[in-house]
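Novice: I am attaching a structure below and will ask some questions about it afterwards.
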Amino acid sequence: MRVLLADDHPLFREGVKPVLHKLDAKLEILEAIDYPSAFATMHQAGEVDLALIDLYMPGMSGVEGVIRFRAAFPGIPLVVLSAAELAEDIHRLLAAGALGYITKSSPSEVILGALRLVLAGGVYIPPSLLNHTHGGGEHDPTRVAPLTSRQVEVLRELAKGQSNKQIAKALEVTEGTVKIHLAAIFRILKVNNRTEAVLVAQKMGLNEMA
């Protein structure tokens, strides 16, 4: 497994490396210190299984840099690392296709769990965002929202106001499959109906996608 670790703070990179090696004993870590070196490393590396990108690095401005990286390498699962926890940034990044947003203050077990979830095809949503969405609640640092990439697609279509039939057509699945996904989404997000699910999708920024 090959992972790009892009962060301009050497101490953070060294601190997170032991966590990354728990993903795979033979893990190869490719390092970058800013956006230009991250792009260059990706172009030279060939196959990369996961990219961990600091939100604020030299070379580009915050969210814009991550969005451009995602556009340049759409096939690479991307997880954003940040010392900040701004809901607006998280919304935009999830809407742009980032598969996770991890705060640097997160315990190592949370970071590891989030990365495993993303590698398994899921999306890691920060507990603070879910708590904010649902109007508060205790902050549980180990809580992970195990939405799969397909469930995110269904939720995104739902946020557009699509019916089950329209979602099925857009995703090329049956209406029965859509109903199964929606039931799972309602359970995971702890909502009772489509309207509440749409509100969560809006909080996540999924309705901003074209």
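What follows is calculated from the coordinates using simple rules that are stated; it is not laboratory data. Just so you know, these numbers come straight off a predicted model, no measurement behind them. Quick reminder, even Gly has a Cβ in these numbers, built from the backbone with ideal geometry, and neighbours come from all protein chains shown.
Novice: Applying 1/(1 + (r/R0)^6) with R0 = 45 Å to the Cβ-Cβ distance of Arg194 and Ala40, what FRET efficiency is obtained, to the nearest 0.05?
Specialist: Working: r = 45 Å, r/R0 = 1.00.
That pair, Arg194 with Ala40, gives E of 0.50.
Novice: So what is the calculated 222 nm ellipticity per residue for the chain, using -39500 (n - 2.57) for each DSSP H run with n of 4 or more, over all residues, to the nearest 500 deg cm²/dmol?
Specialist: On the way: 10 runs with 108 residues, N = 210.
Result for the chain: -15500 deg cm²/dmol, rounded to the nearest 500.
Novice: How much space per residue, in cubic angstrom, does the convex hull of the C-alpha atoms of segment 149-208 take up? Mind dumping the intermediate values first?
Specialist: Numbers: hull volume 4.2 nm³, N = 60.
Each residue corresponds to 70 Å³ of Cα convex hull volume.
Novice: What ranking do Asp89, Asp7, Asp49, Asp54 get, fewest neighbouring Cβ atoms within 10 angstrom at the top? Walk me through the intermediate numbers first.
Specialist: Values: Asp89 19, Asp7 23, Asp49 15, Asp54 26.
The fewest-first ordering by Cβ neighbours comes to Asp49, Asp89, Asp7, Asp54.
Novice: Here's a follow-up. Taking R0 as 41 Å, what's the FRET efficiency between Gln166 and Glu88 from their Cβ-Cβ distance, rounded to 0.05?
Specialist: On the way: r = 29 Å, r/R0 = 0.71.
According to the calculation, E is roughly 0.90.
Novice: Okay, next question. Segment 73-105 to segment 182-205: how many Å between their Cα centroids?
Specialist: 20 Å
Novice: Also: In segment 1-61, which GluC sites (Glu not before Pro) are in a loop and have at most 11 other Cβ atoms within 10 Å, using DSSP for the loop call?
Specialist: Glu47
Novice: For the chain, give me the percentage of DSSP beta bridges that are antiparallel, rounded to the nearest 5 percent.
Specialist: Numbers: 2 of 20 bridges.
Among the beta bridges of the chain, antiparallel pairing accounts for roughly 10 percent.
Novice: Using amide H atoms built 1.01 Å from N in the peptide plane, name the residues 5+ places from Val173, or on other chains, whose amide H lies under 5 Å from its own.
Specialist: Residues meeting the criterion, in which the H sits 1.01 Å from N, do not exist here.
Novice: Also, quick follow-up: If each residue's Cβ is checked for other Cβ atoms within 10 Å, how do Ser82, Ser163, Ser61, Ser106 rank with the fewest at the top?
Specialist: On the way: Ser82 22, Ser163 13, Ser61 9, Ser106 18.
Ordered from fewest to most neighbouring Cβ atoms within 10 Å, Ser82, Ser163, Ser61, Ser106 come out as Ser61, Ser163, Ser106, Ser82.
Novice: Kirkwood hydrodynamic radius, the chain, all distinct C-alpha pairs: what's the number in Å? Numbers along the way, then the final one.
Specialist: Details: mean 1/r = 0.0567 Å⁻¹.
When all Cα pairs of the chain are included, the Kirkwood radius is 17.6 Å.
Novice: Hey, with R₀ at 22 Å, roughly what FRET efficiency would Arg68 and Gln202 work out to, going by the Cβ-Cβ distance, to 0.05? Provide the component values of the computation, followed by the final result.
Specialist: Numbers: r = 24 Å, r/R0 = 1.11.
The calculated FRET efficiency here is 0.35.
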